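Peer 1: A single structure is presented below for examination.
The values are calculated or read from the model by the stated rules, or taken from the named source; none is laboratory data. The model shown is predicted, which means the values in this text are computed figures rather than measured ones. Cβ sites come from the backbone with ideal geometry, for glycine too, and all protein chains shown count toward neighbours. All accessible areas refer to the heavy atoms of the entire protein, side chains included, with ligands and DNA or RNA removed. Shrake-Rupley method; radii C 1.70, N 1.55, O 1.52, S 1.80 Å.
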Amino acid sequence: MAVSHPVFARVFTRASVAMDQAGAAAHRRRLVAGLRGRVVEVGAGNGRNFPHYPAGVAGVLAVEPEPRLRATGVAAAADAPVPVTVAAGLGEALPVADASADAVVFSLVLCSVPDQAAALREAHRVLRPGGQLRFYEHVAARTPGLRRAQRWADATLWPRCCAGCHTGRDTVAAIRAAGFTVVELDRFRFPPSRLPMPAAPHVLGSAVRS
């Protein structure tokens, strides 16, 4: 299945730099801190996580379906502190053998995969027993007013403008439903504004394959 979002890819490449400068880089460091062994990063985009992988990581397979983002990710991989291989692929059909990964990383991607449950099943499949799922995502709000704003955004232009992104997914519940035990979970707003921004509620955490 071909995935092409040329306008979004250009906008996201620029926006991700500004996001990192505004604090997202610190979230990315926390996301991958302490990982070891073989890592699969799903929807790696333009490779903004690559500089933060710790030395204990033997290698990263970074899967990205969008060709422009993937090309930028290839360039970023050349400067990564650990070996990174960038490959075409979908979160719902990872090019990885069963139980062969020590960790799977999702970073701002479970909002936009067409089938969130299928992507999480794939993560469960490729992880070894006891392997870690790391996630950094924007998610459904916990307040009624912002939930209404998210429903409106998701029913109108947001998914079309943002490459299929949905702001109101209950991603933590989906992770648990896929057979993972959540062991760490931090909820916060990013950017930390009081404005009713649909994509502001975020989670950062880890889970283990049950």
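Peer 1: At 222 nm, what helix-only mean residue ellipticity would the chain give, in deg cm²/dmol to the nearest 500, using -39500 (n - 2.57) for each DSSP H run of four or more?
Peer 2: When only DSSP H runs of four or more count, the value is -9000 deg cm²/dmol.
Peer 1: Solvent-accessible area per residue for segment 162-210 at a 1.4 Å probe radius, Å²?
Peer 2: 48 Å²
Peer 1: With all protein chains present, how much of the accessible area of the chain (probe radius 1.4 Å) comes from carbon and sulfur, to the nearest whole percent?
Peer 2: 58 percent
Peer 1: Right, next: Mind jotting down a quarter of the surface of the convex hull over the alpha carbons of segment 13-103, in square nanometres, one decimal?
Peer 2: On the way: hull surface 22.3 nm².
Over all viewing directions, segment 13-103 projects a mean Cα-hull area of 5.6 nm².
Peer 1: Among all stretches of the chain without exposed trypsin sites (Lys or Arg not before Pro) (DSSP loop, at most 16 other Cβ atoms within 10 Å), which one is longest?
Peer 2: It works out to 37-141.
Peer 1: Excluding THR13 itself, calculate the net charge of residues whose Cβ lies under 11 Å from the Cβ of THR13, where each Lys or Arg counts +1 and each Asp or Glu counts -1. Before the final figure, lay out each step's value.
Peer 2: On the way: positive: ARG10, ARG14, ARG48, ARG68; negative: GLU66.
Net charge in that neighbourhood comes out at +3.
Peer 1: Assign unit charges at the C-beta atoms only (+1 for Lys and Arg, -1 for Asp and Glu), then state the dipole size of segment 16-108 relative to its Cα centre in Debye, rounded to the nearest 20.
Peer 2: With only Lys, Arg, Asp and Glu charged at Cβ, the dipole is about 260 debye.
Peer 1: Continuing with this model, one more query. What does the charge add up to near HIS27, with Lys and Arg as +1, Asp and Glu as -1, over the other residues with Cβ less than 14 Å from its Cβ?
Peer 2: Around HIS27, the charge tally is +3.
Peer 1: Please report the equivalent ellipsoid semi-axes of the chain, computed as sqrt(5 x eigenvalue) of the Cα gyration tensor, largest first, in whole Å.
Peer 2: 24, 20, 17
Peer 1: Now for a separate question. Measuring with a 1.4 Å probe in the full set of protein chains, what accessible area per residue, in whole Å², belongs to segment 1-155?
Peer 2: Accessible area per residue, segment 1-155: 44 Å².
Peer 1: State, to one decimal in nm, how far the label point of ARG189 lies from the label point of ALA33, with both points 7 Å from Cα in the Cβ direction.
Peer 2: Each label point is offset 7 Å from its Cα along the Cβ direction, giving 2.4 nm.
Peer 1: As an exercise, use a Förster radius of 25 Å and the Cβ-Cβ distance of ALA18 and THR85 to find the FRET efficiency, rounded to the nearest 0.05.
Peer 2: Values: r = 28 Å, r/R0 = 1.10.
After rounding to 0.05, the efficiency reads 0.35.
Peer 1: Compute the distance in nm between two label points, each set 7 Å from the Cα along the Cα-to-Cβ direction, one at ALA97 and one at ARG160.
Peer 2: About 4.6 nm, to one decimal.
Peer 1: OK, next. If Lys and Arg each add +1 and Asp and Glu each add -1, what is the summed charge of the other residues whose beta carbon sits under 10 Å from the beta carbon of ARG48?
Peer 2: Local charge sum for ARG48: 0.
Peer 1: Taking the alpha-carbon centroid of each part, what is the distance from segment 152-197 to segment 59-95 in angstrom?
Peer 2: So the two Cα centres are separated by 23 Å.
Peer 1: What is the mean projected area of the alpha carbon convex hull for segment 85-210, to one decimal in square nanometres?
Peer 2: 7.9 nm²
Peer 1: Among DSSP beta bridges whose residues both lie in the chain, state the antiparallel percentage, nearest 5. Numbers along the way, then the final one.
Peer 2: Values: 17 of 37 bridges.
Here the share of antiparallel DSSP bridges comes out near 45 percent.
Peer 1: In debye, nearest 20: dipole of the chain around its Cα centre with unit charges on the Cβ of K, R (+) and D, E (-)?
Peer 2: Dipole of the chain, to the nearest 20 debye: 540 debye.
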